[in-house]
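Contents: one structure, followed by commentary.
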Amino acid sequence: MILTEEQKKGQNVFFSIIAEAWENDDFKKSLIKNPEKTLEIFFGRSLPTRKKIKVTDQSDPEFLYINIPIKMEPEDQEPEEKKIDNFSCGTSTGSAVTDFESLYDSLRGIYR
């Protein structure tokens, strides 16, 4: 999937939050307890979103965590011609598999 510049910025923000939580237990505890306030302090400004933020600690390696995102409405989805053929990663159901080891390695490399 090709990311827009806005999506890349959002991904970088997301990765910086994860990296800080991995490195700083106090930040992680605060993020779980009061995510909006913690993120406002972390970024030094008010958050642009009016949505609530829910943070869960999914760092126990004995569990496989599954996050169920918001179901997109048909008008929010990309037109068929813009979808990338290999997004399904070779599965017949169209589901994608994330290489979490590579994701974590890239996070460590970017935000240390």
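The values are calculated or read from the model by the stated rules, or taken from the named source; none is laboratory data. Here the structure is a predicted model, which is why all the values come from computation and not from measurement. Neighbour counts are summed over all protein chains in view; Cβ atoms, including those assigned to glycine, are modelled from backbone coordinates with ideal geometry. Surface areas here come from the heavy atoms of the whole protein model, side chains and all, with no ligands, DNA or RNA. Shrake-Rupley method; radii C 1.70, N 1.55, O 1.52, S 1.80 Å.
Looking at region 48-76, which of the residues that are out of contact with any Pro (no Cβ under 9 Å at 6 or more places or on another chain) and either among the hydroxyl-bearing types (Ser, Thr, Tyr) or surrounded by 10 or more Cβ atoms within 10 Å (Cβ to Cβ) (or both) is nearest to residue 13 (Cα to Cα)?
Going residue by residue through region 48-76, those that are out of contact with any Pro (no Cβ under 9 Å at 6 or more places or on another chain) are 48-51, 56-76.
Those still in the list that are either among the hydroxyl-bearing types (Ser, Thr, Tyr) or surrounded by 10 or more Cβ atoms within 10 Å (Cβ to Cβ) (or both) too: 49, 56-59, 65.
On the way: 49: 14, 56: 17, 57: 18, 58: 18, 59: 19, 65: 21 Å.
Among them, the one singled out is 49.
Which of the residues that make up region 33-47 are over 15 Å from the mean Cα position of the chain (by Cα) and surrounded by 11 or more Cβ atoms within 10 Å (Cβ to Cβ)?
Listed by number, the residues that qualify are 34, 36, 37, 38, 40, 41, 42, 43, 47.
May I ask you to list the residues in region 17-55 that are touching a residue at least 60 places away in the same chain (Cβ under 8 Å) and closer than 21 Å to residue 66 by Cα?
The answer is 18, 19, 22.
Quick one: count up the residues across region 2-27 that are more than 18 Å from residue 48 (Cα to Cα), more than 15 Å from the chain's Cα centre (by Cα) and either open to solvent by 90 Å² or more (accessible area, probe 1.4 Å) or among the charged types (D, E, K, R) (or both).
The total comes to 4.
Is at least one residue of region 73-88 of a type in the set (A, V, I, L, M, F, W, C), part of a loop (DSSP other than H, G, I, E, B) and modelled with pLDDT of 85 or more?
no
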